[in-house]
Amino acid sequence: MKKITIIGSGFAGLTAVRVLRKQDKTLEITLISPKAELVYMPSLIWVPSGAADKKDIIVPLDNFFKRMNVRHVENEVIGLEDNNRVVLLKNGAQVDNDALIIASGGRFIKKLPGIENAITPCEGLSAVEEIRDRIKVMDGGNIAIGFSGNPKEPSAMRGGPMFEFLFGLDTQLRQEKRRDKFNLTFFTPATKPGARLGEKAVESLLLEMKKRNIKTHLGHKMKKFETNKVFTEGGEFSADLILFMPGMTGNQWFDNTELDRSEGGLLKADKFCQVESADKVFVAGDSGSFPGPQWMPKQAHMADLQAEAAAKNVLDVLDGGRATHTFKIELMCIVDSNNKGIYISRTMKGGFMLPNCRLMHTVKRLFGWWYLRQYR
């Protein structure tokens, strides 16, 4: 029986499970992750306003694993050995494999001085619950929301959600009739925030900020954070609450492997999602550095596409064939603002955008419900 090990229970890991099991009912699939749950990141944006809570974000996977006949190992990976055929676990145990799919996500770069004074929303439920609780007790003040990237890995950034937290918070404060008591500032080292979404999207996002009376601080390298201030090379500004999404790099445990890394610290992959110079090791999602344009996103949709290619290639390689399946490079998102949304898509052929409207907010809510049905 072929033994395939998957590391990670995020979007890429679970899509790999579904594709593998659909193709072959006899595989022995082992999935390793700290918990048997999926954190549905796209809904984190609605927690500060109370429109979403734990039951909308955390999806238990025990039933899904039973249906898929997957052995779940609840542990943390600390490295690989024996030419990547053995996965080393934190508790001292080992899991062997005939092929490996790494879908363990990325790690935020926390090197900026004073970064402990900022909340990183995509770190999970507890982070956005802290945002919710902090805003609830604030009578007014200055809120700064921003993001940066990994200068050595242009694609390793997650800026989209920060636009959503920005616009969503503005909407929330207006609905609570206290927007006039707050100053909102958006900041990023980029001169054109959201450039990977396309030129029209940048114009639309900046126009939306202007309409909402949101200040901008753009194009200046970050220096540090203090409890109530943001410092950049272009100046400083007050902030009683700081939301900041730093760039991403590879998992810490990658250092305890011989896998090829990109300059930015991610696993170096080819167009078939194979980790370069590694036998029967594949990667999907935020863990990998893939060939393609700089705008190629780090988002759930892209992770799903990569995971499907990786899973199909794993099976072909184990059957003695070659990896031939590639993934479509596609950016697709709805930049939500709690009651409306801007639809944006981009492929190698061009981009498409729909203006801010209530329908897109409804579509995003419904899509989340539909997508998660397969795991609930």
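A few remarks follow.
- The residues of segment 102-159 that are over 28 Å from residue 264 (Cα atoms) and part of a loop (DSSP other than H, G, I, E, B), listed by number, are 138, 139, 140.
- Counting only strands (runs of 3 or more DSSP E) wholly contained in segment 208-249, the ones carrying 2 or more residues that are modelled with pLDDT of 95 or more and of a type in the set (A, V, I, L, M, F, W, C) occupy 222-226, 229-232, 241-245.
- Residue satisfying all of: in segment 213-233; in contact (Cβ under 8 Å) with a residue 60 or more places away in the chain and in contact with a helix residue (DSSP H, G or I) (Cβ under 7 Å, 6 or more places away or on another chain); least open to solvent (accessible area, probe 1.4 Å) among these: 225
- Condition met for residue 47 (touching a residue at least 60 places away in the same chain (Cβ under 8 Å), crowded, with 18+ Cβ neighbours inside 10 Å and farther than 27 Å from residue 252 by Cα): yes
- Every condition in (1) touching a residue at least 40 places away in the same chain (Cβ under 8 Å); (2) out of contact with any helix residue (DSSP H, G or I) (no Cβ under 6 Å at 6 or more places or on another chain); (3) surrounded by 20 or more Cβ atoms within 10 Å (Cβ to Cβ) holds for residue 256 except the one numbered (3).
- Residue within segment 129-139 that is among the hydrophobic types (A, V, I, L, M, F, W, C) and open to solvent by 10 Å² or more (accessible area, probe 1.4 Å) present: yes
- Residue within segment 309-321 that is surrounded by fewer than 21 Cβ atoms within 10 Å (Cβ to Cβ), closer than 29 Å to residue 61 by Cβ and in contact with an Asp or Glu (Cβ under 7 Å, 6 or more places away or on another chain) present: yes
The values are calculated or read from the model by the stated rules, or taken from the named source; none is laboratory data. Just so it is clear, the model here is predicted, and its values are computed rather than measured. With ideal geometry, Cβ positions are generated from the backbone for all residues, glycine too; neighbour counts draw on all protein chains shown. We work out accessible area using only protein heavy atoms, side chains counted, and drop any ligands, DNA or RNA first. Shrake-Rupley method; radii C 1.70, N 1.55, O 1.52, S 1.80 Å.
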